[in-house]
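Right, one structure below, let's go through it.
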Amino acid sequence: MAETKTIVGADGPYNWRPGYSAHERATDFPLQVEGEQRGAKLLIVGFPRAKELKFRLSICFNAAICRLDYTDEYHPNSLHAPAGLPPFVQGPHYHSWPLNRQFFRGTLTPPDLHLAEPFTNPARTFDAILRWFCADTKIVGLPPDHLIELPKSDLLI
């Protein structure tokens, strides 16, 4: 995560596929590290039927190692959360790598992201939050005219 990463394909066409639930659509973009694609990707999950802005941004190596949930979810933090983290998070929140890296030591299968902090950034558009996430996770070179946007609603009415 300390290395600078570059998104591949942000300026070209891409496809949305079904997500984890029937209400989700997902797409991902390979990430280059030192000019090579090593299996890392930026995963974007959109909720085309949501009435308000709702999405997830993750960096994945077989599974998410950090994730920003711009959702209305409510869930607890680990009982062993460090001082300063709330016992519960509600609304937009960030499972950052620095908060969760301790859970990845010596494991073959990535563990769950146990800790999250409220996402209090004042940005309120998908593009602004995507750019913030890229800056925070050292993803550089997102073109100003990139084509990444959330999926459109699939309902007629």
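The values are calculated or read from the model by the stated rules, or taken from the named source; none is laboratory data. Quick caveat, the model's predicted, so the values are computed rather than measured. All Cβ positions, even for glycine, are placed from backbone atoms using ideal geometry, and neighbour counts span all protein chains on display. Surface accessibility is based on the protein's heavy atoms, side chains included, excluding ligands, DNA and RNA. Shrake-Rupley method; radii C 1.70, N 1.55, O 1.52, S 1.80 Å.
Computed values, structure above
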{"quantity": "Kirkwood hydrodynamic radius over Cα pairs of segment 1-138, then Stokes diffusion coefficient at 37 °C and 0.692 mPa s, in µm²/s", "calculated": "207 µm²/s"}
{"quantity": "Amide hydrogen neighbours beyond the local backbone of Ile139, cut-off 5 Å, H modeled", "calculated": "Lys5"}
{"quantity": "MRE, 222 nm, helices only [DSSP H, n ≥ 4, -39500 (n - 2.57), over the chain, to nearest 500]", "calculated": "-2500 deg cm²/dmol"}
{"quantity": "With all protein chains modelled, accessible area of Ser21 [1.4 Å, Å²]", "calculated": "40 Å²"}
{"quantity": "Loop trypsin sites (Lys or Arg not before Pro), segment 36-113 (other Cβ atoms within 10 Å of the site Cβ: 15 or fewer; DSSP)", "calculated": "Arg49, Lys51, Arg105"}
{"quantity": "Candidate aspartates and glutamates - alpha carbon under 18 Å from Lys54, same-chain residues fewer than 8 apart omitted", "calculated": "Glu24, Asp28, Asp69, Asp72, Glu73, Glu117, Asp127, Glu149, Asp154"}
{"quantity": "From phi via Karplus (6.51, -1.76, 1.60), per-residue ³J(HN,Hα) for segment 19-29 in Hz, x at Gly/Pro", "calculated": "x, 5, 10, 5, 8, 10, 10, 10, 8, 9, 10"}
{"quantity": "Accessible-area composition of the chain, carbon plus sulfur, in percent [1.4 Å probe]", "calculated": "54 percent"}
{"quantity": "GluC sites (Glu not before Pro) within segment 1-51, DSSP loop, no more than 15 other Cβ atoms inside 10 Å", "calculated": "Glu3, Glu34"}
{"quantity": "³J(HN,Hα), Karplus 6.51/-1.76/1.60, whole Hz, each residue of segment 124-141, x for Gly, Pro", "calculated": "10, 10, 4, 4, 5, 6, 4, 5, 4, 4, 4, 4, 5, 9, 6, 9, 10, x"}
{"quantity": "Restricting segment 29-84 to chymotrypsin sites (Phe, Trp or Tyr not before Pro) in coil, as DSSP defines it, with at most 14 other Cβ within 10 Å", "calculated": "Phe61"}
